[in-house]
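S.K.: There's a structure below that I have some questions on.
The values are calculated or read from the model by the stated rules, or taken from the named source; none is laboratory data. Keep in mind the model is a prediction, meaning the values are calculated, not measured. Using ideal geometry, Cβ is built from the backbone for each residue, glycine included, and neighbour counts are taken over all protein chains shown. Accessible surface is based on the protein model in full, side chains and every heavy atom, while ligands, DNA and RNA are left aside. Shrake-Rupley method; radii C 1.70, N 1.55, O 1.52, S 1.80 Å.
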Amino acid sequence: MKVPHLFFLFVVALLLGACDLDEPTPSSNHNLTLLFSEDTLLFDTLLSERLSITKRLRIYNPHTESINISKISISANSAFSLVIDGAKTTELIDRILLGKDSLLILVNSLPVKQDLNNPYLIKDSIFVQWNGNKANIKLLAWGQDAHYLGNIRLCDQIFTADRPYVFYDTVLVEGNCFLKIEPGSTLLFDTNAALLIAGTLHAVGSPEKVITFRNTRFDENYQIAPGQWPGINFLVGSTDHIMDFTLIENAVNGITIGTPDVDTIADLRLLHTRIQHSAQIGLAAYNSDVTAQNLLILNSGIYGVLNAAGGSYHYSNCTFVNTPNSFYSQEPTMVVTNRLSLSDGSEIFNPLLLNLQNNIIWGLSEDDLFLQDDGMTPFELLASHNLIHSNVAREGNFVFLNQEFPLFEDIDEYNYELDSASFCIDLGLDIGIVDDLKGRKRDKSPDLGALESAIP
């Protein structure tokens, strides 16, 4: 009875010995090098107390021999963290890397609040040791402290430019209250965070200190990614808004306003403002009173401008352009109608006034200024000296359907400065607008659109 038992032990020992023979023995050759996919991992600006995106570092063994990586580490109190072989760690000891194999290291950062207004440098290194060799991969980022807001109501508040305001949830400016935003301020919004205005918004920047409304992601893939936050919404009863030298980007709808009243005094004035990369509509206004000068709206998923259900709208020296378009949308760039169909099947009709002077309205449809009049409710159109991409003739305006028409410097880079051969140069009326989107002087023969050419 003992013989089978001894035979079994012999077989097990033999198998274990075979396993040992197959186990690669790392080479101790000092001349064996490791290769690294990066020598520096550089993160975009990181908000304090917010986990960064994950960066990847790969270590390659280009040799046929195995190498024992004796140590991979970062500082114990580092703002960065490593994930190696699925485990979060600050140090890994004795990791064998087979010949012609690689090791993936995931790196992210959670900056600690420094209570500083200016960005601060965050740095460390990943240290790698093998066979008496050492290498270090630098980790670099800029941290930024911020004011965090969410799910609150504001009344009579002033936002300063000392550090960004991060909205992690929706914020409401209450009725009969104001929010004043000082030049150079930055407002950053998480995915579900909207700015609702029931009172009054005064956001007045300057050419050198533009006020920015955008998403909270800074990494490259999100620079022009649309639909990252809901947008700015002016509610019924709100009034006396002004936005001057502002930038609104990457929202679902850049601005939505629905402020019906009995007068035609502008409830929203948009001056020197750029609205870009909206998933749906750049400016959506419903039975409202809006005045805009030097307004640039570009790259919208549906319409650049929608004015519906009536209202009073005055646009002067604006550029509404939807080419190129990230969504391959062929919807009109600008849609104006005195009616609005609701989801329950009912409709709203109100008088509408549209005044267009010195604008560029350009896109990918056959009529980028689409006007819809119900035929019963007043619809008044005053339009002169506008360049319109359309197959509909409009007296007193410049109407073309040629997509190759010379207009802008580099639309692929969203640069809508006028090309030196642009048709729009000196074709505008002198209507008293003294500067352009960037605050540069206009002459007595102004160019069309939001940007004045520097050509004499």
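S.K.: Could you tell me the center-to-center distance, by alpha carbons, between the range 181-230 and the range 356-426 in angstrom?
M.R.: 28 Å
S.K.: At a Förster distance of 41 Å, what's the computed FRET efficiency of L429 paired with Y222, Cβ-Cβ distance as r, to 0.05?
M.R.: Numbers: r = 40 Å, r/R0 = 0.98.
Calculated transfer efficiency: 0.55.
S.K.: Could I ask something else about it? Enumerate the residues in the range 108-138 having an amide nitrogen under 16 Å from the point lying 7 Å beyond the Cα of L51 toward its Cβ.
M.R.: 108-112
S.K.: Shifting gears a bit: Give me the percent of Cα-Cα pairs in the range 202-328 that sit more than 22 Å apart, rounded to a whole number. Please report the intermediate quantities before stating the final value.
M.R.: Working: 2447 of 8001 pairs.
When every Cα pair of the range 202-328 is considered, 31 percent fall beyond 22 Å.
S.K.: Under a point-charge model restricted to the Cβ atoms of Lys and Arg (+1) and Asp and Glu (-1), what is the dipole moment magnitude of the range 232-348 relative to its Cα centre, in debye to the nearest 20? Intermediate values should be presented prior to the final figure.
M.R.: Details: 3 positive and 10 negative charges, 68 e Å.
That gives a dipole near 320 debye.
S.K.: With respect to the cross-link table entries K55/K100; K180/K438; K138/K209, which display a Cα-Cα separation exceeding 31 Å?
M.R.: Working: K55/K100 23 Å; K180/K438 22 Å; K138/K209 33 Å.
Table pairs above 31 Å Cα-Cα are K138/K209.
S.K.: OK, next. Quick check on packing: order 289-301, 425-437, 324-336, 78-90 by the mean number of other C-beta atoms within 10 Å, highest mean leading.
M.R.: Values: 289-301: 25.0, 425-437: 16.8, 324-336: 19.1, 78-90: 15.2.
Descending mean neighbour count gives 289-301, 324-336, 425-437, 78-90.
S.K.: Under a point-charge model restricted to the Cβ atoms of Lys and Arg (+1) and Asp and Glu (-1), what is the dipole moment magnitude of the chain relative to its Cα centre, in debye to the nearest 20?
M.R.: Working: 28 positive and 55 negative charges, 377 e Å.
Here the chain has a charge dipole of around 1820 debye.
S.K.: Further, regarding this structure: Taking θ as phi - 60°, what are the ³J(HN,Hα) couplings along the range 27-37 by the Karplus curve (6.51, -1.76, 1.60), each to the nearest whole Hz, with x for Gly and Pro?
M.R.: 7, 9, 5, 5, 7, 6, 9, 10, 10, 10, 5
S.K.: Let me ask something additional. For the charge dipole of the chain, defined by +1 on Lys and Arg C-beta atoms and -1 on Asp and Glu C-beta atoms about the Cα centroid, which residue among S37, S420, N215 has the Cα displaced farthest towards the positive pole?
M.R.: S37
S.K.: Give the residue from I411, V399, A454 lying farthest towards the positive end of the charge dipole for the range 357-456; charges sit on Cβ (+1 for Lys and Arg, -1 for Asp and Glu) and the dipole is referred to the Cα centre.
M.R.: A454
S.K.: Name all residues of the range 350-372 having a backbone nitrogen under 14 Å from the label point set 7 Å from the Cα of Q330 along its Cα→Cβ direction, giving them as ranges.
M.R.: Within reach of a label on Q330, which here means backbone N under 14 Å from a point 7 Å along Cα→Cβ, the range 350-372 contributes 363-368.
S.K.: Oh, and also: How do 138-145, 69-76, 254-261, 111-118 rank on mean C-beta neighbours within 10 Å, highest first?
M.R.: Values: 138-145: 20.0, 69-76: 17.0, 254-261: 21.9, 111-118: 12.8.
Per-residue Cβ counts within 10 Å, averaged per peptide and sorted highest first, yield 254-261, 138-145, 69-76, 111-118.
S.K.: Between L381 and T33, what is 0.36 nm times their sequence separation minus the Cα-Cα distance? Round to one decimal in nm. Spell out each step's value before the answer.
M.R.: Details: separation 348, 0.36 × 348 = 125.28 nm, distance 7.40 nm.
Extra length available between L381 and T33 comes to 117.9 nm.
S.K.: I need the calculated FRET efficiency for the pair Q129 and K438, taking r as the beta carbon distance and R₀ as 45 Å, to the nearest 0.05.
M.R.: Numbers: r = 53 Å, r/R0 = 1.18.
Between Q129 and K438 the formula returns 0.25.
S.K.: Starting from the range 404-436, pick out the GluC sites (Glu not before Pro) whose DSSP state is loop and whose Cβ has at most 12 other Cβ atoms within 10 Å. Working shown, then result.
M.R.: Numbers: sites: E404, E409, E413, E417; in loops: E404.
For GluC sites (Glu not before Pro) across the range 404-436 that sit outside H, G, I, E and B with at most 12 neighbouring Cβ atoms in 10 Å, the list reads E404.
S.K.: Roll a 1.4 Å probe over the protein chains and send me the accessible area per residue for the range 294-371 in Å². Let's see the in-between values first.
M.R.: Numbers: 2370 Å² over 78 residues.
Dividing the accessible area of the range 294-371 by its residue count gives 30 Å².
S.K.: Sticking with this one: So what is the diffusion coefficient of the range 270-374 in µm² per second by Stokes-Einstein at 20 °C and 1.002 mPa s, using a Kirkwood Rh over Cα pairs?
M.R.: On the way: Rh = 13.6 Å.
After rounding, the answer is 157 µm²/s.
S.K.: Put +1 on the Cβ of each Lys and Arg and -1 on the Cβ of each Asp and Glu in the range 58-156; which of S66, L121, A141 then has its Cα farthest toward the positive end of the dipole?
M.R.: Toward the positive end, the furthest listed residue is S66.
S.K.: I would also like to ask the following. Students often check this: by mean Cβ neighbours within 10 Å, which of 191-198, 379-386 ranks highest, and how do the rest follow? Don't skip to the end; give the middle numbers.
M.R.: Working: 191-198: 19.0, 379-386: 16.9.
Most protected by this proxy first, the peptides run 191-198, 379-386.
S.K.: Please report, in whole Å³, the volume per residue of the convex hull around the C-alpha atoms of the range 312-456. Please report the intermediate quantities before stating the final value.
M.R.: Numbers: hull volume 18.6 nm³, N = 145.
Normalising the Cα hull of the range 312-456 by residue number yields 128 Å³.
S.K.: May I pose another question? Could you give the dipole magnitude of the range 333-412 about its Cα centre, charging the beta-carbon of Lys and Arg +1 and that of Asp and Glu -1, in debye to the nearest 20?
M.R.: Values: 2 positive and 13 negative charges, 58 e Å.
It comes to approximately 280 debye.
S.K.: Whole-Å semi-axes of the chain's equivalent ellipsoid, largest first, each the root of 5 times a Cα gyration tensor eigenvalue?
M.R.: Semi-axes from the Cα gyration tensor: 59, 25, 23 Å.
S.K.: Let me ask you something else. For the chain, find the longest principal axis of its Cα atoms and tell me its angle to the long axis of helix 2-22, 0 to 90°, nearest 10.
M.R.: 50 degrees
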